[in-house]
Every structure is written in C-alpha cells, then in structure tokens.
Amino acid sequence: MRDFVVFFHGGEGTSALLRLLDNFERIAILHQVDNRGWEPFDRHNCGRMRLKRLERCLNIVFGTKPIDFERLNQIYTRAGALPLEASTGDLAVGFKMRFRPPRTVLRRSVLGRLSRFLNRPASWVFTRMMFRTLRRNHVVVFVAVRQDLLRWALSLYHGDGTGKPGHLQFRLARGEINRDDIDTIHVDCSRLDEIVADCEASYARKRLLIRKLERAGIRVQPLLYETFLADKHDYFGTLFDALGAEVSRAEIDEALDKGSYFTKVHSDEIADFVENHQEVEERFGDRFVAW
C-alpha cells in the first residue's frame, strides 16, 4: 500500500474520515501525542515551520519504513508544540492538511530568498516543494470535495454554535454540549451568500490543483463527501483502490463499528436547523456542483 495525504478545506467530513481510516489495521494516521494535532502540518499545530524543515519531515514520513520517529520529532518539535505519536510496522501512513505553507514569513529562509529572486510568491515555492516531495515518494493525494455547496456553507456559517468560527462536531465530541443544546438558527442570507462564494472559489481551486497534480504525474483521487454519506463501502473501496490495495466488506464494517469519535451535526433537512429555511432554499437551493 502507498502512503497518502488528504488535502481539505474544512467542513468536508475529513475529521471523521481520518479517525475511521485510523481504525484500519493496515493504515496509520499521523498525528501528535495525547490524541492531539490531527492536522500535524497545519499552522495551528506545527507552528512557524520553515518549508525546508517541512520537506525534511515529509521525506522521513514517506521514506523508508519503519519511520524514524526520533529523528522526525527532533525536526518537528523545533516549532510544533507536541511531538508526533510513533507508529510501528510497515503501514500505509497518511495525514490531512490544508494546501498552504505552514509559515507565511519567509524573509530569512533560503526558500524565501529564492522566491524573491525568482519574483515568485511563497505559495509558488511551497507548491514546487510539495509536488517534488509527493512525486519522489510516490504518495497518493486525496482531495476532499463537497458538492452540495449550500449545506457546506451552512456548516461553516453555523461555526461553533456561538457565532464564532469553528465546528460544532468538536464541541459535541468533547462533551461540552449535546444535540439538545443546538438551537435552530436564523440565517442572514447576505452573509451566507459570501460563504457560498468562498466555497465556490475553494471548489475551483481544487479543480485546478487536481489538474496540476495529474500533469505532474502524481496519483490523485477526489473524495466526495456525498458518497461518504450515501455508501461508505463504495467510498472506502475507491479509496483503497487508489492506494493499490483491496479491502473487504468485513474490514470496512470493523472500522465503522469502532466509530470515528465525531458524529454528523446537521440533519439533511435544512428545515430541522434553519428557521428561515424557505428563504434560504429559494435563494441557494440550486448551489450543487456535480464533480
């Protein structure tokens, strides 16, 4: 089986997906110790990590197995608050991350000087490094896709339930609230329109990213959130096929039975959690983009 990375935006079901993948015996999901940092190379977990250090970390993760976690953590903990949890055995290793540099200030780094010399933004240098590393190590790239832009936007709009950015699923999982504590909301359609536009822009960027990955000779597979909800056996069958392995129905059932820590927050019926659902559905009900 091949190693993999899942590129995501947020609100696309990847937190539950990674926990379920970690239930499979042949897969190890990279994260920090103490059940923390499940997006290990995103800024809020790895800190202001320089791109050269990120490249070194990725080459260790995707290189010779078993992973040398002592060496890996010597590099990772220079910026990351917690070390990465060690896994053993010849397992397919994966993690999820947003496709953006973990460090925005590159002034003093070699790659920062290179980006200025070539008159290129930091994102260009990051992309070149990522493509080179993924191709060299034969890593499979999964790109999380949510086609129902309205429900995706509503998930982001609701945030953590207090009007602040975040996700209710984390508060539910930690036991801070239960489902009965989640009230219906009145949606400001002007604000929702802005979020839908952001989702459309994210969708377009993913299309472009996939085309670039394919042109670079990197194996890439979109993971459709709607397929995950409708038929998990088909979803995981497609995923394992991209990794170059077969998976039995019994293996999938066993992983599903272990659970994912997270539960789905919103009903498929918008009327169940949106007070002005008729207005919302009239304005945004057609915002579904089939992949």
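The values are calculated or read from the model by the stated rules, or taken from the named source; none is laboratory data. Note that the coordinates shown come from a computational prediction; the quantities given were computed from them, not determined experimentally. Here the Cβ is made from the backbone with ideal geometry for all residues, glycine too, and neighbour counts use every protein chain on show. The area values use the complete protein model at the heavy-atom level, side chains included, leaving out ligands, DNA and RNA. Shrake-Rupley method; radii C 1.70, N 1.55, O 1.52, S 1.80 Å.
Rolled with a 1.4 Å probe across the full set of protein chains, the surface gives Asp193 an accessible area near 60 Å². The stretch between Trp291 and Thr77, if pulled fully straight at 0.36 nm per residue, gains 73.2 nm over its current Cα-Cα span. Accessible surface ranking for His44, His233, His9, 1.4 angstrom probe, highest first: His44, His9, His233.
The residues packed around Arg136, meaning those with a beta-carbon under 14 Å from its beta-carbon, carry a net charge of +4 if Lys and Arg are +1 and Asp and Glu are -1. Per-residue surface analysis assigns Glu214 an accessible area of about 110 Å², computed on protein heavy atoms at 1.4 Å probe radius. Largest accessible area first, the listed residues Arg219, Arg205 line up as Arg205, Arg219 when surface is computed with a 1.4 Å probe on the assembled protein chains. Fully extending the segment from Lys52 to Asp234 would add 61.7 nm, taking 0.36 nm per residue of separation and subtracting the current Cα-Cα distance.
In the complete set of protein chains, residue-level accessible area for Arg100 is approximately 100 Å², probe 1.4 angstrom.
For Arg249 and Ala197, compute 0.36 nm times the residue count separating them, minus their Cα-Cα distance, and round to one decimal in nm. My answer for the length gained is 14.9 nm. For the pair the stretch 62-95 / the stretch 202-223, the C-alpha centres are spaced 26 Å from each other.
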